[in-house]
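Q: Just passing along the structure, written as structure tokens.
Here, each number is a calculation from the coordinates, and none is a lab measurement. The shown structure was predicted, so the numbers you read here are calculated from the model rather than taken from an experiment. A quick note on method: Cβ atoms are made from the backbone with ideal geometry, for glycine too, and the neighbour counts reach across all protein chains shown.
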């Protein structure tokens, strides 16, 4: 892959979960348990119904939180606090990845559908906190989730990003459609490639990919 495909990039935007750490650590499993429990308590439903709604809202709205807010007027603050109150012991520092990210020319940002405080804890556990200039969470998008275009527009506007000179790294292919349409170079980070017009590149190994373009 020619390096010149990224020669115009001045801003590098990374998703967090399953992008900046290997999916094999299954950190999000803990969050899903917390989400289901929150839905049970907030809506007064049993475990099976809560688990169904958690998945349904994620598929329909992009995040479980978005569905809870739109259909049940749930306050996002307690939800984000509760579901991200997890153990980070499964994460290990990755100094090589940190070095590669820091070597990228320009600004380096994290943008997640989780909260910014949660993202900061993940980055610290991964030893990546020094690699990034800024962190943006769903709260910075007025709680609109990726893949909604207005979520990206809100965060990128707040961050002052010129999307024509930016790249987006994501594990969820849905979340690369809007960045592509906004002129960004898109990279799908996942074990299984997805063939789609809005995905420019795919990699199973983020560090290996970054080493090839820096």
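Q: How much mean residue ellipticity at 222 nm does the chain get from its helices, if each DSSP H run of length 4 or more adds -39500 (n - 2.57) and you divide by all residues, to the nearest 500 deg cm²/dmol?
A: When only DSSP H runs of four or more count, the value is -12500 deg cm²/dmol.
Q: What share of the DSSP beta bridges in the stretch 58-214 is antiparallel, in percent to the nearest 5?
A: 0
Q: At a 10 Å Cβ-Cβ cut-off, how would you order 186, 203, fewest neighbours first?
A: Going from sparsest to densest Cβ surroundings: 203, 186.
Q: Could you list 92, 7 so that the one with the fewest beta carbons within 10 Å of its beta carbon is first and the one with the most is last?
A: If I rank by nearby Cβ atoms, fewest first, I get 7, 92.
Q: Which translational diffusion coefficient, to the nearest whole µm²/s, is obtained for the stretch 1-118 from the Stokes-Einstein equation, given a Kirkwood hydrodynamic radius over C-alpha pairs, 20 °C and 1.002 mPa s?
A: For these conditions, the coefficient is 131 µm²/s.
Q: Treating the angle as unsigned and between 0 and 90°, give the value, to the nearest 10°, between the Cα long axis of helix 47-61 and the longest Cα principal axis of the chain.
A: 40
Q: I'm spelling it out carefully: the read-out is Cα extents along the principal axes in Å, the candidates are (i) 50, 41, 27; (ii) 50, 44, 30; (iii) 54, 35, 31, and one was derived from this structure. Which label?
A: (iii)
Q: In addition: Contact order normalised by length for the stretch 27-83, with contacts defined as Cα pairs under 8 Å and 6 or more residues apart; what percent is it?
A: This gives 30 percent for the stretch 27-83.
Q: In a Gaussian network model over the chain where Cα atoms closer than 10 Å are linked, find which of 90, 178, 119 has the largest mean-square fluctuation.
A: Ranking 90, 178, 119 by mean-square fluctuation puts 90 first.
Q: While we're on this one: What order do you get for 9, 194, 187, 155 when you list them from fewest to most C-beta neighbours inside 10 Å?
A: 194, 9, 155, 187
Q: Based solely on C-alpha atoms, express the radius of gyration and the Dmax of the stretch 27-83 in angstrom.
A: 10.0, 27
Q: Hey, another quick one. Can you give me the Cα centroid spacing of the stretch 76-126 and the stretch 184-214 in angstrom?
A: A separation of 19 Å, based on Cα centres.
Q: Something else about it: GNM on the chain, C-alpha springs below 10 Å: top fluctuator among 165, 98, 87?
A: 87
Q: Strictly greater than 16 Å: what percent of every Cα pair in the stretch 128-177 meets that?
A: 44
Q: Which percent of Cα-Cα pairs in the stretch 73-118 sits in each 10 Å bin, short to long?
A: With 10 Å bins starting at 0, P(r) equals 19, 37, 29, 14, 1.
Q: With no solvent and one equal point scatterer per Cα, compute the Debye intensity ratio I(q)/I(0) for the stretch 105-212 at 0.11, 0.12, 0.22, 0.23 Å⁻¹ and report its log10, rounded to two decimals.
A: Listed by q, the Debye log ratios stand at -0.33, -0.40, -1.41, -1.50.
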